[in-house]
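The values are calculated or read from the model by the stated rules, or taken from the named source; none is laboratory data. Note that the coordinates shown come from a computational prediction; the quantities given were computed from them, not determined experimentally. So basically every Cβ, Gly included, is an ideal-geometry build from the backbone, and we count neighbours across all protein chains shown.
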Amino acid sequence: MMYQGVLTKMQTEFGKPIQYYLNFEDDFLNMNQLLDKTLTLNFEKFECLNCHLNKEIYRQGFCKSCFFEIPTAGDWIMRPELSTAHLDVEDRDLEYEKKVQLKPHIVYLALSSEIKVGVTRKGQVPTRWIDQGAVKAVEIVEVPNRYLAGITEVALKSFVSDKTNWRKMLQNLNEDADLLAKKEELKQFIPEEAKPYYLPNREVVELEFPVLSYPEKVKSLNLTKTPNYSGVLKGIKGQYLIFEDNTVFNIRGNEGLVVNLSID
């Protein structure tokens, strides 16, 4: 069977295991059903997720000009502490920024290789943890805007990482970690403005990924440099497809690429 479309982040559904869906314009594929099947990926062209032109993708699925212009790619996306909508100050589009920044946000601890601290909108729990390949996570604070979440993350990342070691995550090499103990240890470092929003009684959420076998080494597939690839799908974790020959392919990292996907 052959499918074609522009790559966008796989949609997910929390379950045991997590369900993954690849959404092309005319097709909606349950990727879990493709485990142990041979997938062939062919790179066709670029398609910016904003202007839809065949222009080389710069970051986050956008061409360079769109990336530096559109509100959905502002610096505050990656650095929440730069949020200013709560001050009525515009970055690129105040109406959009208020809609996103002035919603409840969660600061959390997750285990995807080592313990990390992160930020997400409340409505993105547990999607954000799934996308990071976290095997477990716990909420620390729930604050009313993105700025407060951002300054809390900045304060806590002096003591724990804010990055995921994606290679270790894909190999399932997780340190033995007690998230509740670490949360209690970090409580004292939460900024004063965010302390009233601390969540004392939150359970650790455990996540189970559809992986038949983990890679011993990790070889990342760059479709623009290797435009044709074929391999047997052995797992899905984070936003990565894991193949039998240790090749991994980051769907989210390749948003904006138009591909042909055939299944044998």
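Within the stretch 185-194, is even one residue among the basic types (Lys, Arg), in a helix (DSSP H, G or I) and modelled with pLDDT of 95 or more? Looking for residues that are among the basic types (Lys, Arg), in a helix (DSSP H, G or I) and modelled with pLDDT of 95 or more, one finds at least one in the stretch 185-194, hence yes. Are any of the residues in the stretch 241-250 assigned by TED's automatic domain parsing to the domain that holds SER112, charged (D, E, K, R) and touching a strand residue (DSSP E or B) at 6+ places or on another chain (Cβ under 6 Å)? Scanning the stretch 241-250, I find no residue that is assigned by TED's automatic domain parsing to the domain that holds SER112, charged (D, E, K, R) and touching a strand residue (DSSP E or B) at 6+ places or on another chain (Cβ under 6 Å), so the answer is no. Of the strands (runs of 3 or more DSSP E) contained entirely in the stretch 1-105, those carrying at least 2 residues that are of a type in the set (Phe, Trp, Tyr) fall at 19-23, 38-46.
Checking every residue in the stretch 246-260 against the condition of being under 26 Å from GLU47 (Cβ atoms), in contact with a Cys (Cβ under 9 Å, 6 or more places away or on another chain) and surrounded by 21 or more Cβ atoms within 10 Å (Cβ to Cβ) gives at least one match. When you check LYS136 against the structure, is it free of Cβ contacts under 8 Å to residues at least 60 places away in the same chain and not acidic (Asp, Glu), yes or no? It is false that LYS136 is free of Cβ contacts under 8 Å to residues at least 60 places away in the same chain and not acidic (Asp, Glu). Counting only residues that are outside any loop (DSSP other than H, G, I, E, B), touching a residue at least 12 places away in the same chain (Cβ under 8 Å) and under 24 Å from VAL160 (Cβ atoms), the stretch 196-244 holds 6 of them.
Counting just the residues of the stretch 146-166 that are of a type in the set (Ser, Thr, Tyr) and buried (at least 17 other Cβ atoms within 10 Å of the Cβ), which one comes out nearest to TYR96 (Cα to Cα)? Lay out the reasoning, then the answer.
From the stretch 146-166, those of a type in the set (Ser, Thr, Tyr) are 147, 152, 158, 161, 164; that's our starting set.
In the following step, the residues that additionally are buried (at least 17 other Cβ atoms within 10 Å of the Cβ) were identified as 147, 152, 164.
Numbers: TYR147: 15, THR152: 23, THR164: 29 Å.
Filtering first and then ranking leaves TYR147.
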